[in-house]
Amino acid sequence: MKCLSPSMRVLFYSFILDQPLFLKIKKIIKEYQKIRALYRFAINGVLLFFVWILFYKFIRYQADIHTFYEYVTNNITILILHVSQWYFDVLNYQTQLQGKVLRIIGTGGIYLDRGCIGRNLMGMYAGFVIAYPGRFIHKIWYVPLGIVLIILINTWRVAGLVAISYCCVEHVGINHDVIFKYSVYAITFLLWYIWIKKFANQEKTQSKKSNLEIVE
């Protein structure tokens, strides 16, 4: 496309946009956006669920994709462990990071399994925001922001469990299985609530304005 002059580019894009197939797709999208938000959310959610299953069962085992997936997963695990260790360094606690085990010297510490880094929660969070109606421009930054926040909260959770294993190891179980776990869920639900109230409503407002302009 760089070899075309500006005027030729305009003609090319005008040609593409005027094609019957493109116009039909555009019309379908407009009609789909008229469906009630709750119904669209349900349809999008079902479609994304099947995409998620397809990815986990088949796509992620393709050679290049599997390599990339393992790279991302391992690096998130390492990131969480190193940031958690940094908290203790700031507080002048002597810690040891050995593989995926983080401990305060003299304790057993905790082992961070890849299943505990919040992969499914990140996927659920992103899937909800993508499926729920709202302006795409906001989804571009809101999804990554939420994922970064979930990772950050996980560093606090890991550091908290390491500290509990130091002071009162008998309470590690309940904090891991209940308190910290559902605290992360609660914050994720809060992010969803903010999306629904703050950003999904913008689409409704925009739609109402468009309808008023058409009436006028």
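No value in this document is a laboratory result; all are computed from the given coordinates. Note that this is a predicted model, so its numbers are computed, not measured. Cβ: placed from backbone, ideal geometry, glycine included. Neighbour counts: every protein chain shown.
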Study note, to complete from the structure: With N residues in the stretch 35-203, Rg(alpha-carbon) / (2.2 N^0.38 Å) equals 1.19
Check your understanding: Can you give the relative contact order of the stretch 44-183 as a percent, counting alpha carbon pairs under 8 Å and 6+ residues apart?
Key -> 25
Check your understanding: Where does each of 145-153, 123-131, 47-55, 157-165 land if you order them by average Cβ count within 10 Å, highest first?
Key -> 157-165, 123-131, 145-153, 47-55
Check your understanding: Amide H of Thr95: which non-local residues (sequence gap of 5 or more, or other chain) have their own amide H closer than 5 Å, using H built in the peptide plane?
Key -> Ile105
Revision key, fill the gap. Taking the square root of 5λ for each eigenvalue of the C-alpha gyration tensor of the stretch 54-110, the equivalent ellipsoid has semi-axes, largest first and in whole angstrom, of 33, 11, 8
Review point. Say the dipole of the stretch 35-203 comes from +1 at the beta carbon of Lys and Arg and -1 at that of Asp and Glu; which of Ile65, Tyr87, Gly45 then lies farthest toward its positive end?
Key: Gly45
Check your understanding: Along the Cα-to-C-beta direction of Val72, a point sits 7 Å from the Cα; which residues of the stretch 124-149 have their amide N less than 18 Å from that point?
Key -> 124-131, 139-149
**Study point:** Sequence ranges 91-98, 192-199, ranked by mean other-Cβ count within 10 angstrom, highest first
**Key:** 192-199, 91-98
Check your understanding: According to a simple spin-label model (label point 7 Å from Cα along Cα-to-Cβ), what is the distance in nm between Lys198 and Lys181?
Key -> 2.9
Practice item. Give a residue-ordered list of calculated ³J(HN,Hα) values for the stretch 178-186 (Karplus: 6.51 cos²θ - 1.76 cosθ + 1.60, θ = phi - 60°; whole Hz; x for Gly, Pro). Key: 10, 4, 5, 4, 7, 5, 5, 4, 4
